[in-house]
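Below is one structure, written out as structure tokens; the observations come after it.
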Amino acid sequence: MQTVREAVYGAPDRDLAEVAAGAVQLSPLVPGSTAIESIADGSLDAITLLTPPGSLERRYELAQALRALKPGGALTALALKDKGGSRLRGELEAFGCKVIETSKRHHRICHAQRPAALTGLDDAIAAGAPRLVEPLGLWSQPGVFSWDRVDPGSALLAQTLSKLGGDGVDLGCGVGWLAKAVLTRSKVTSLALIDIDRRAIDAARRNIDDPRARIEWTDARGDHGLTGLDFVVMNPPFHDNGIEDRGLGFAFIAAARRALRKGGVLWMVANRHLPYEAKLGELFREVTPRADKSGFKVIEAKA
């Protein structure tokens, strides 16, 4: 367990909550950040959290934050009112905190000091912890994309994929469900798995036991050093903090093209309404629809 003094989870707007200079970043969505689970009990003086929208994930992070705070330590938690903010006060009070709540720019902002006695932390941590999801046969954790079910888009992509071989990458690999399907193909010589979510990467490392796989915690949109690949598979995200952002998909498409050799192939799935074809046409010499079912589309693009 690490001992630090002040910490921040996520990137709260400085106009809504103060964050101390040098505060340790704890968000699993920031590659290289410190895991909140590694912070020693009672070691923090203060923590500020931009809390996630999912209730299991949010209560888990709040409980971990309170565990890590020393008695009397300061906690500030905030979220958009319709993204969990309306529940924050009640959740903190259920842990035994006395809460001062304010509102600003559609956010609920809760201030509390850690009481000497807390209730319900163990239950909240257990409910949000990594676990083996029996129906999937895979390790996962609340907060990870499609954490307890097979995403139907990924399932359609796996069903549609034609022959794959050589070196490839799964951009935004999640817990590794799609990668496991790719690795059933004997002509695949290597597969990199990349995701921005540390929890997904931790799960993928437990789920993938194949010497051809290399698993890395990094932003798929950035400079991950992969070039000259034969294929890319991906189910790119299109929400950022619960808000639709088509730019994420465009960035994934550009990253896929940078990773491919000339003649390499991208296989991607997306919700039917997302307008990715024009961007694909700009960057790839051949773009072919391969499947359209249940609100999802699969596209093959050749570099």
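The values are calculated or read from the model by the stated rules, or taken from the named source; none is laboratory data. Everything numeric in this text was worked out from a predicted model, so none of it was measured. Please note: Cβ atoms are built from the backbone with ideal geometry, for glycine as well, and neighbour counts cover all protein chains shown. Each accessible area value is taken on the protein alone, full model and side chains, heavy atoms only, with ligands, DNA and RNA left out. Shrake-Rupley method; radii C 1.70, N 1.55, O 1.52, S 1.80 Å.
Values as computed for the structure displayed
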quantity: Relative contact order (%) - criterion: Cα under 8 Å, at least six apart; region: the chain; calculated: 12
quantity: The range 1-104: trypsin sites (Lys or Arg not before Pro) in DSSP loop, at most 12 other beta carbons within 10 Å; calculated: 14, 98
quantity: Residue-by-residue Karplus 3J(HN,Hα) for the range 131-145, coefficients 6.51, -1.76, 1.60, Hz, glycine and proline x; calculated: 7, 7, 8, 4, x, 8, x, 9, 6, 7, 7, x, x, 6, 3
quantity: Ordering of 127-140, 263-276 by packing [mean C-beta count within 10 Å, highest first]; calculated: 263-276, 127-140
quantity: Nonlocal amide H pairs with residue 171, under 5 Å, H built at 1.01 Å; calculated: 233
quantity: Of all accessible heavy-atom area on the range 189-286, the percent that carbon and sulfur account for (1.4 Å); calculated: 47
quantity: Cα gyration tensor shape for the range 116-189, rounded if a/c is under 1.5, else prolate or oblate; calculated: prolate
quantity: Surface accessible to a 1.4 Å probe, per residue, for the residues of the chain, Å²; calculated: 45
quantity: Tensor-based shape of the range 165-233 (alpha-carbon gyration tensor, a/c under 1.5 rounded, otherwise prolate or oblate); calculated: oblate
quantity: R0 of 25 Å, Cβ-Cβ distance residue 74-residue 119: FRET efficiency to nearest 0.05; calculated: 0.80
quantity: Anisotropy class of the chain from Cα gyration tensor, a/c 1.5 cut; calculated: prolate
quantity: Set 163/297; 163/262; 83/293; 83/297; 262/293 screened for pairs whose C-alpha atoms are more than 21 Å apart; calculated: 83/293; 83/297; 262/293
quantity: Theoretical FRET efficiency, 1/(1+(r/R0)^6), r = Cβ-Cβ of residue 274 and residue 37, R0 30 Å, to 0.05; calculated: 0.30
quantity: Cut-off under 5 Å, modelled amide H: who pairs with residue 151 long-range; calculated: none
quantity: Accessible carbon and sulfur surface of the range 9-149 relative to its total accessible area, %, 1.4 Å; calculated: 52
quantity: Computed lengthening from residue 290 to residue 13, 0.36 nm per intervening residue step minus Cα-Cα distance; calculated: 95.5 nm
quantity: Karplus 3J(HN,Hα) series, Hz, for the range 217-229 with 6.51 cos²θ - 1.76 cosθ + 1.60 (x for Gly, Pro); calculated: 8, 7, 7, 4, 7, x, 8, 8, x, 8, 9, x, 7
quantity: Length released on extending from residue 126 to residue 223, taking residue separation times 0.36 nm less the Cα-Cα span; calculated: 31.4 nm
quantity: Residues residue 133 and residue 163, FRET efficiency given R0 of 35 Å [Cβ-Cβ distance, rounded to 0.05]; calculated: 0.70
quantity: Fraction of beta bridges assigned by DSSP in the chain that are antiparallel (%, nearest 5); calculated: 50
quantity: Calculated from backbone phi, Karplus (6.51, -1.76, 1.60) coupling profile of the range 150-157 in Hz, x at Gly/Pro; calculated: 6, 5, x, x, 5, 5, 5, 4
